Amino acid sequence: MALTGLQIFKLLPGTNCRDCGYTTCLAFAMKLAAGQVSLDKCPTASEDIKATLGAASAPPIRGVTIGKGERAITVGEETVYFRHDKTFVRPTGLFRMIDPNRLSDGEIEKHLDDWATIGIERAGELFRVDGIAMIEPAGSRERYARLAEAISRRGMPVALMASTIDGVRSAVEKIKDQRPLIVPSPGVDQSPFVALAAEFKLPLVITGKDLDDVAATAVDAAKHGVTDMLLEPPAKDARELHQNLSRLRRGALDRIHPGLGYPIFLRVAAGEFDKVVIGITKFASLVAMENAAGEAWLPYWTLRQNIYTDPQKPLQIDPSVHSIGEPDENAPLLVTTNFSLTYFIVSTELDGTGVPSRLAVVDAEGMSVLTAWSAGKFSGEKVAKELRRLGATEHVKHKTVIIPGYVSVISGELEDALGDGWRVLTGPQEASDLNAFFRDVWQPMMNG
Amino acid sequence: MISKHTVLTAQKHRIIFSPSGRSIVVTEGTSILEAARLASEPLPAECGGRGACGKCLALVLEGDVPEYRVIHRKEGLSEILACQTTVRGPLTVHALVESELPKLISCDQSIGMAPLEAWAPWPLKLDPPAHINSSEDLGVAVDIGTTTVRLLLIRLVDGVIVGEASAYNPQISWGADVISRIIAAEKGRLDDLAELIRRAISAMILETTTQATDDADLIRAYVVAGNLTMIHLLLGIDPSGIRRVPSEPAALAFEPVDASSLGWPGRGGVMVHTIPAIGGWVGGDIVSGILRIGLPRQSDGISLYVDLGTNGEIAVGGADFAMACACSAGPAFEGSGIRCGMRADQGAIDGAVIDMEKGTLELSIISGGAARGICGSGLISLADALFRAGWIDRIGHFTDKLPDPYRLDDKHGRALRLSQKKKIALWERDLAGLIRAKAAIFSGIRTLLDSLGIGAGDISRLVVSGNFGRFLNLPAAAGIGLLPDLPPEKYVYVDNGSLEGAALALLSKDFMLELESYLRKITYMNLSEVPSYMDEFVSASFLPHTYPEKLKG
Amino acid sequence: MSLKLQPKKWPGKIREVTLGAGNRQPRTVGGGNGLPLHTFEADFPHRPVLALEVTDINPPRWLDIVREPWEGLLGKPADAARKAAEQYGADLIMLNLMGTHPDRGGRSPDQAAIDVEAVLDAVRVPLIVKGPGAGAKQNDVLARVAEKYHGEGLVLHSACQEDYKTLAAVTVAYGHVLVSESPIDLNIAKQVDILLSDVNINLDRVLIDPLTGGLGYGLEYTYSVMERIRLAALGGDQMLNSPMICLVGEEVWKVKEVKVSERQEPRWGDQETRGINWEVATAWSLIEAGAEVVVLRHPDSLARVRKILDAWFAEGASNNTR
């Protein structure tokens, strides 16, 4: 059972010496309770408290890293069933599956060139293809090794979807320093793959006919020296997938069996859109997908971004000027902060007005309008500086900027800071009144 | 696009204020409130000009204002909020809300009392921080609140209170909350703000010394408690660091300053001491208060201390530790920020009972007579009575059960009529302000307790302080969910913990020393960094609470 | 060593709310005693239901992709409703009376009533009636409709914290179901239900609309608030155990990611499929979070979500198959 701050405080020396960096022992105890600091920082902590606190801190799900270098991906380390209880920490890795039995090497190289460079920016995150799951080509060990190397060369993590131990061994030998993930075909004898993973200290996917089988195999693999594993539960349809993912996560968190404390691997065939959605929302750590194009990837990435956002640290929007509709140089220019919920509400309402406009989202450290104003992050000067930096002032001829009604108090200061004939118009307090504001204020003003 | 020219040209226009006749020429686009400030026209703006308080409501007698800013029309004239309305042509405007200029209120609640006997949490001997020359020598203890300033004049030779005064903080014209004051200071008004509070306190000293003795020069020492912003502003120190994230105040504790440098009476070397703070948002006022209730010497159990001011302050702890936070409650508890609000003074409604069978409302009024307004304790009592009777719903909206004779509908919305002759009433938006204030306090309490992993039932003593005069209806406070619902014997009411602590510090050097050593044990919690605080706040914004079980021990 | 996977049992369950009465074929939602879709450990007497949205006027700003399935029927709510129920397989219809909004033609309450009557005549499935949004007009329109078609068990969308009394009264008086709306906030969701309960609405006649954030546009807020509402309900909170309704279509079909063509953003893939994927991903995530009534715009989205649900609940509504 986790201890409260006050319970921990009573175990601490109570010197308020501040050597830990906190002003009081109580403040330090509360950080300990929240898991945000280590007990090592306390110079006088007793052995007793070290033992008491240590027991509760081992992670229930192991972290496993696949790949090397900048694009290496770590999965697992989750601690909760519901994201609101804390946060989900390691976003689902989305891997593209390649079947070399249907493609020439030239075609594969071309795809790899393409996928390695995909990088779509959205709300502060770079969407990429996280890795490549290479199916073992029939009949050529050499080709498997060559293709695996072709992926590694581009810096991308590799999952080796192996059907034979000889095939995967040749690929592993070629890229063993790149920490590939070994994925045996479901149903094959896993023991040689276990031995291979143990030999090269590589991560391995464990499969089984049911969860009992998966858990038992994982324990067995651990006995044989495999430390990094992902579990692949049976998933004949969406319902079975959901059931097994849910049970695996809960079993791991409740620590009911040592074979469950690992991240989860999932493979999906082309067109199984729903399975990927379930995987992302419900605890899959790594998904290898057959043929899926941008129209599927974009929602996957976005869903993952939503689900893995820390609920206690809401998303910040990148400061920039967003176009609503197709605004021309006479379209209204509005300004708001980069707190994501503020942005979503304002942009949604703006869109609803049908009036093309520009929304300048300025950096206010992710705070809402009034909070940012209170903290001095949305002062006239700061806003003016941001508007200039973002080039918002260059888009419009009317030299008028509309500010949120709650901060009408900054209008004079903003006008001064912008200078150059700029004028500030105080908008409504609530975004839902933008429609009326455009109709009753903006349009009459622009039409004289 | 045809008239773009008129949009862009910065023309100048004359604004005339009625009935004072003050006028000023301002650039087009300036707000009417700004024009009023430039013209020294006292137009109140407790929210600092955010369109939130409604106190700068004005009638446009001549000239044109933007149509979308017109709130209401009266006999063909437009009513506008001066802070929200920009100048687009020559205007004549007339302020509608009676300007609440700081007024001096004398009271004699404490005169004749000896703080060391009445308030000392443990035995303290008389030992003021100044040399006593004569039996007539005096000391001054001051509490500078964001809304209210209170002062005690104490005879040092025997520690008896000989004078008392209280007044609104005149800085209120720069905004009712500390943020607005800090912003005003940042905009070059620091000296003005310092001057305002120093002069107000001078006036209070003169008033009280006249009551007590004619010679203000007998004053030998001052002790001032207040939140850190108030102390910065008093000393004329830039407060802008306080509102940074994280808060970086210029200092938490200040060396004593010579009274003459503040323009206060005292012959040669009379020093003004200030009570040190813990953090930018937990100032000397709460430190003073928790010392006053004796936290450092509390051997067992946990005390909860709640100071119900504009800046609500909460502390929980005992001899080994204390944790403190501050929350912005708004000025409702001090009888400000509500339309018919007033201080707990003669004529203030301070209690209410509804007879459910007869459907009648009975009011209690300080010193009897006709009601002049509603003070903080009256507001709490009214809300509780209305809620119990079903006259308001859980979000403070009047229901169909409100009897017709009490129903009032006007441009400010629906209200409870409290006086037939004078227009004293309680509007829905006043109740909304109270609900916000009580939610800020209660969610602060919950967040502190939750962070320590304790429940309301673990509290052995709940000390409430605030400017409620002699009276706070504790059952009503618990009834609306302002305070936890604990057995009555656990409640203690302290009139003004901050002021009383300052008085003790004025009379006992030991008290001040113990205060300084206890500071190290106090942990400051910044509520805005606690993710669950907003949730707690919203769930407390309901009568009595979205989860009534959270009120119980 | 075999796994001891204990089914998770909860003290509370979701209320059963019946949509539609009188001439409607009633449809009941709710009743589950476990986490959403956790059919392996809990009982679900009723499956989530899917509605399609039809409009009283030709909706001015719908994308071509969502207009195409309704070719010739936009602004003809009765014909569109018939097609939705008979051809597209909607479990129920949401009639969006957007034309009553002062900015969209300001149709009168009586004109709205005529539209409602036409839809009621055209189909037998339950009907959700959505007003023009908060404000006096909302109450005028919905109160008129509620009074005129009493006993039809209409789902009135919606009442909120600041304005609930009028619609609460007509819901009680005329036997309808009321949607209580809150701005993605667990506490306010509960507060509205308490307020409704205080004015004597039986909460067996209430659906909670937690306000939908579309995929990429606040979905995570809605998702977590819904999970928390569902957990509170299962924990026994009688003021948070109403079934939830999500208006998915209107949130999805206005976002940038469905509006931009493949020509503008080749990496984003086929625009039509992308849009439908967006609607399916939003709908399915919210069903996982606890949505019992999901309102969609594109019939292909409905068909795809329905296919998953059909397979999920194939063994009958109650699926405690452990």
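Which chymotrypsin sites (Phe, Trp or Tyr not before Pro) from the range A:320-395 combine a DSSP loop assignment with at most 11 other Cβ atoms within 10 Å?
On the way: sites: A:339, A:343, A:344, A:373, A:378; in loops: A:378.
The qualifying sites: there are none.
At q = 0.10, 0.13 Å⁻¹, work out log10 I(q)/I(0) for the range C:149-269 with the Debye formula, treating every Cα as an identical point scatterer and leaving solvent out; two decimals please.
Here the Debye-derived log intensity ratios amount to -0.37, -0.56.
Find the eigenvalues of the gyration tensor of the Cα atoms of the range A:89-190, then list the square roots of 5 times those eigenvalues as equivalent ellipsoid semi-axes, largest first, in whole angstrom. List each step's numbers first, then the result.
Working: eigenvalues 116, 50, 28 Å².
Those come to 24, 16, 12 Å.
Over its Cα atoms, what ratio of radius of gyration to 2.2 N^0.38 Å does the range B:284-388 give? All intermediate terms of the calculation are to be shown ahead of the outcome.
Numbers: Rg = 17.5 Å, N = 105, 2.2 N^0.38 = 12.9 Å.
My calculation over the Cα atoms of the range B:284-388 gives 1.35.
Chains B and C: how much accessible area gets covered up at their contact, both sides added, probe 1.4 Å, in Å² to the nearest hundred?
1200 Å²
For Cα pairs less than 8 Å apart in space and 6+ apart in sequence, what is the mean separation divided by the residue count of the range B:396-553, i.e. the relative contact order in percent? Don't skip to the answer; put the middle values down first.
On the way: 159 pairs, mean separation 44.0, N = 158.
Averaging sequence separation for qualifying contacts and normalising by length gives 28 percent for the range B:396-553.
With +1 on the Cβ of every Lys and Arg and -1 on the Cβ of every Asp and Glu, and nothing else charged, how large is the dipole of chain B about its Cα centre, in debye rounded to the nearest 20? Write down the numbers at each step before the final one.
Values: 52 positive and 64 negative charges, 300 e Å.
Charge dipole, chain B, about its Cα centre: 1440 debye, nearest 20.
Could you look at the protein assembly as shown and say what percent of its accessible area is carbon and sulfur, using a 1.4 Å probe and all protein chains?
Values: 23710 of 48430 Å².
Within the protein assembly as shown, the accessible surface is 49 percent carbon and sulfur.
Using a loss threshold of 50 Å², tell me which positions in the range C:1-46 are less accessible in the complex than in their chain alone. Probe radius 1.4 Å, ligands and nucleic acids ignored.
C:1, C:3, C:5, C:38, C:40
In whole angstrom, how long is each semi-axis of the equivalent ellipsoid of the protein assembly as shown, when you take the square root of 5 times every eigenvalue of its Cα gyration tensor and sort them from largest down? Walk me through the numbers before you get to the answer.
Numbers: eigenvalues 639, 312, 191 Å².
For the protein assembly as shown, the semi-axes come out at 57, 40, 31 Å.
Hey, can you list the residues from the range A:359-381 whose accessible area shrinks by 30 Å² or more with all protein chains present, relative to the chain by itself (probe 1.4 Å, no ligands or nucleic acids)?
Listed in order, they are A:373, A:374, A:375.
Roughly how many nanometres apart are two label points built 7 Å out from the Cα toward the Cβ at residue B:388 and residue B:360?
1.8 nm
Once Rh for the range C:16-312 is found with the Kirkwood sum over Cα pairs, what is the Stokes-Einstein diffusion coefficient at 10 °C and 1.306 mPa s, in µm²/s?
Numbers: Rh = 19.0 Å.
Taking Rh from Cα pairs, D becomes 84 µm²/s.
Calculate the spin-label point distance for residue A:40 paired with residue B:320, positioning each point 7 Å from the Cα along the beta-carbon direction, and give it in nanometres.
Once both label points are built, they end up 2.7 nm from each other.
Using only the alpha-carbon atoms of chain A, report the extent along each of the three principal axes, biggest first, to the nearest angstrom.
The principal-axis extents, from largest down, are 80, 67, 38 Å.
Ranked from highest to lowest mean number of other Cβ atoms within 10 Å per residue, what is the order of the peptides B:431-440, B:232-241?
Working: B:431-440: 23.9, B:232-241: 21.4.
Ranked from most to least packed, the peptides come out as B:431-440, B:232-241.
Label residue B:199 and residue B:88 with points 7 Å out from Cα along Cα→Cβ: what is the distance between them in nm?
3.7 nm
Can you compute the charge dipole magnitude of the protein assembly as shown about its Cα centre, using +1 on each Lys and Arg Cβ and -1 on each Asp and Glu Cβ, nothing else charged? Give it in debye, rounded to the nearest 20. Walk me through the numbers before you get to the answer.
Working: 137 positive and 164 negative charges, 177 e Å.
The dipole magnitude comes to about 860 debye.
Considering every Cα-Cα pair within the range A:320-446, what fraction, in whole percent, is farther apart than 19 Å? Mind dumping the intermediate values first?
Values: 3209 of 8001 pairs.
Here the long-distance tail beyond 19 Å is 40 percent of all Cα pairs in the range A:320-446.
Considering the alpha-carbon set of the range B:155-247 alone, what are its Rg and its Dmax in angstrom?
Final numbers for Rg and Dmax: 15.5, 48 Å.
Accessible area per residue of chain A at 1.4 Å probe, in Å²?
Working: 17440 Å² over 448 residues.
So chain A comes to 39 Å² accessible per residue, rounded to a whole number.
If you line up the Cα atoms of the range B:104-286 on their principal axes, what length do they span on each, largest first, in Å?
Answer, in whole Å and largest first: 47, 32, 31 Å.
Which value, in debye to the nearest 20, describes the size of the charge dipole of chain A about its Cα centre when Lys and Arg Cβ atoms bear +1, Asp and Glu Cβ atoms bear -1, and nothing else is charged?
On the way: 49 positive and 57 negative charges, 206 e Å.
Dipole size: approximately 980 debye.
Using the Cα gyration tensor of the range A:64-308, with a ≥ b ≥ c the square roots of its eigenvalues, what is the shape: rounded (a/c below 1.5), prolate (a/b larger than b/c) or oblate (neither)?
On the way: a/c = 1.60, a/b = 1.09, b/c = 1.46.
It comes out oblate by the Cα gyration axes.
May I have the convex hull volume per residue, in Å³, for the Cα set of the range A:285-334? Don't jump to the answer; show the numbers that get you there.
Details: hull volume 6.2 nm³, N = 50.
Residue-normalised Cα hull volume stands at 123 Å³.
For the range C:16-312, what does the relative contact order come out to in percent, with C-alpha contacts under 8 Å and a separation of six or more? Could you put the intermediate results ahead of the total?
Values: 625 pairs, mean separation 57.7, N = 297.
In percent, rounded to a whole number, it is 19.
Compute the Rg/Rh shape ratio of chain B: radius of gyration over Kirkwood radius, all on alpha-carbon atoms.
On the way: Rg = 23.9 Å, Rh = 24.5 Å.
Value, to two decimals: 0.98.
Among A:313/B:187; A:86/A:282; C:165/C:190; A:377/C:259; A:31/A:282; A:399/C:256, which pairs are too far apart, with a Cα-Cα distance over 24 Å?
Working: A:313/B:187 32 Å; A:86/A:282 15 Å; C:165/C:190 16 Å; A:377/C:259 33 Å; A:31/A:282 29 Å; A:399/C:256 27 Å.
The pairs that break the limit, which is 24 Å between Cα atoms, are A:313/B:187; A:377/C:259; A:31/A:282; A:399/C:256.
Tell me, which residues of the range C:214-256 get at least 40 Å² less accessible area when the other protein chains come in, versus the chain alone (1.4 Å probe)?
C:215, C:216, C:217, C:220, C:221, C:223, C:224, C:227, C:228, C:231, C:254
For a quick check: with amide H placed at 1.01 Å from N, whose amide H comes under 5 Å from residue C:49's, ignoring anything fewer than 5 positions away on the same chain?
So residue C:49 has HN proximity to C:293, C:294.
Starting with the highest mean, order A:362-372, A:12-22, B:492-502 by the number of other Cβ atoms within 10 Å, averaged over the residues of each peptide. Each step should come with its number before you reach the end.
Details: A:362-372: 20.6, A:12-22: 15.7, B:492-502: 26.2.
In decreasing order of mean packing, A:362-372, A:12-22, B:492-502 become B:492-502, A:362-372, A:12-22.
Can you compute the helix-only [θ] at 222 nm over chain B? Use -39500 (n - 2.57) per DSSP H run of at least 4 residues, normalise by all residues, nearest 500 deg cm²/dmol.
Values: 13 runs with 137 residues, N = 553.
Roughly -7500 deg cm²/dmol at 222 nm, from the helical runs in chain B.
When the scattering of the range A:5-55 is computed by the Debye formula from its Cα atoms alone, each counted once and equally, what is log10 I(q)/I(0) at q = 0.20 Å⁻¹?
-0.56
Rounded to the nearest 100 Å², what is the sum over both chains of accessible area buried where C meets A, with a probe of 1.4 Å?
Numbers: alone 13770 and 21380 Å², together 30480 Å².
Separately minus together, C and A give about 4700 Å² buried.
Taking +1 at the Cβ of each Lys and Arg and -1 at the Cβ of each Asp and Glu, which of B:221, B:25, A:411 sits farthest along the dipole of the protein assembly as shown towards its positive end, judged by Cα position relative to the Cα centre?
Highest projection toward the positive end goes to A:411.
Excluding ligands, DNA and RNA, what is the solvent-accessible area per residue of chain B at a probe of 1.4 Å, expressed in Å²? The partial results should precede the final answer.
On the way: 20140 Å² over 553 residues.
Per residue, chain B has 36 Å² of solvent-accessible surface.
Please calculate how many Å² of accessible area the range C:16-312 carries per residue, with a 1.4 Å probe and no DNA, RNA or ligand atoms counted. Walk me through the intermediate numbers first.
On the way: 9070 Å² over 297 residues.
For the range C:16-312, the per-residue accessible area is 31 Å².
To the nearest 100 Å², how much accessible surface do chains A and B hide from each other in total, with a 1.4 Å probe? Each step should come with its number before you reach the end.
Numbers: alone 21380 and 22370 Å², together 40520 Å².
Using a 1.4 Å probe on protein heavy atoms, the buried area is about 3200 Å².
Towards the positive end of the charge dipole of chain A, with charges on Cβ (+1 Lys, Arg; -1 Asp, Glu), say which of A:145, A:192, A:80 has the farthest Cα.
Checking the options against the dipole of chain A, the answer is A:192.
Using Cα centres only, tell me the gap between the range A:1-24 and the range B:436-473 in whole Å.
24 Å
If you average the sequence gap of Cα pairs under 8 Å that are 6 or more apart and divide by the length of chain B, what percent do you get for the contact order? Intermediate values should be presented prior to the final figure.
Details: 1265 pairs, mean separation 71.2, N = 553.
In percent, rounded to a whole number, it is 13.
Which of B:361, B:413, B:402 sits farthest toward the positive end of the charge dipole of the range B:332-428, with +1 on the Cβ of Lys and Arg and -1 on the Cβ of Asp and Glu?
The one lying farthest along the dipole's positive direction is B:413.
The values are calculated or read from the model by the stated rules, or taken from the named source; none is laboratory data. Remember, predicted model here, so these are calculated numbers, not experimental data. Cβ atoms come from the backbone with ideal geometry, glycine included; neighbour counts cover every protein chain shown. Note: accessible area is taken over every heavy atom of the protein model, side chains too, but ligands, DNA and RNA are not part of it. Shrake-Rupley method; radii C 1.70, N 1.55, O 1.52, S 1.80 Å.
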